[in-house]
Amino acid sequence: MDAILRRREDLLSIFRIVVGLLFVSHGAAKLFGVLGGRTVQFGAWPSFYAAVIELVAGGAVLLGIGTRVAAVICSGEMAYAYFVSHQSKALWPIENGGELAAIYSWTFLLIAFFGPGTWTLSRLWNKQKQTAEPVAG
């Protein structure tokens, strides 16, 4: 049973890393014009702030630092994008072009709910802290 749970946690980590990397790529494309993206104007509402969230919070999800909070922020950003940018065009995501926003929103909500898995920088830092502390005796 332990092996099954460990595999599940490893799969969660891989899932989180892939989703975080894809989300960071969106932010980097919008902020820096890389990866075929077009840059957004500095301070433009909401595109500039969305790009910052994608880069920073997506990076936190990718690395496993404050993952649950960062995932809730990313989920909220994508829900906002869906309802503000897409919902007014048509009812269904397939009609209004909001599939990616909807999928990201639910994906980040799942990451927030299930956690980051085992491979995180937070866990690595905590492990190093525990080994560095002297043993009381």
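The values are calculated or read from the model by the stated rules, or taken from the named source; none is laboratory data. The structure displayed is predicted, hence computed values, not measured ones. Methodologically, a virtual Cβ is constructed for each residue, glycine included, from the backbone with ideal geometry; neighbour enumeration extends over all protein chains shown. Only protein heavy atoms, including side chains, enter the accessible area calculation; ligands, DNA and RNA are left aside. Shrake-Rupley method; radii C 1.70, N 1.55, O 1.52, S 1.80 Å.
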*At most 13 other Cβ atoms within 10 Å and a DSSP loop assignment: could you name the chymotrypsin sites (Phe, Trp or Tyr not before Pro) in the stretch 42-137 that fit?*
F42
*Relative to the Cα centre, what is the charge dipole magnitude of the chain, using +1 at the beta carbon of each Lys and Arg, -1 at the beta carbon of each Asp and Glu, and rounding to the nearest 20 debye?*
220
*To the nearest 10 degrees, how steeply does helix 67-81 sit against the main Cα axis of the chain, on a 0 to 90 scale?*
10
*At a 1.4 Å probe radius, carbon and sulfur cover how many percent of the accessible area of the stretch 1-131?*
70
*Sketch the reach of a paramagnetic label on R38 as a point 7 Å from Cα along Cα-to-Cβ, and name the residues of the stretch 46-88 whose backbone nitrogen lies under 15 Å away.*
47-48
*Given that just one value was derived from the coordinates, which of (i) 33, 18, 12; (ii) 45, 16, 13; (iii) 31, 18, 16 is semi-axes √(5λ) of the Cα gyration tensor in Å?*
(i)
*For helix 47-63, what angle does its Cα long axis make with the longest principal axis of the chain, in degrees from 0 to 90 and rounded to 10?*
20
*Could you give me the ³J(HN,Hα) list for the stretch 117-126, computed from phi with Karplus coefficients 6.51, -1.76, 1.60 and θ = phi - 60°, whole Hz, x at Gly and Pro?*
x, 8, 8, 9, 5, 4, 5, 4, 5, 5
*Using alpha-carbon pairs under 8 Å, 6+ residues apart, how would you state the relative contact order of the chain in percent?*
26
*For n ≥ 4 DSSP H runs only, could you compute -39500 (n - 2.57) per run for the chain, divide by its residues and tell me the 222 nm figure to the nearest 500?*
-23000 deg cm²/dmol
_Accessible area per residue in Å² at 1.4 Å probe, computed on the chain_ = 64
*How far apart, in nm, are the 7 Å Cα→Cβ label points at F114 and V52?*
3.2
*In whole angstrom, note down how far apart the Cα centers of the stretch 90-116 and the stretch 5-54 are.*
14
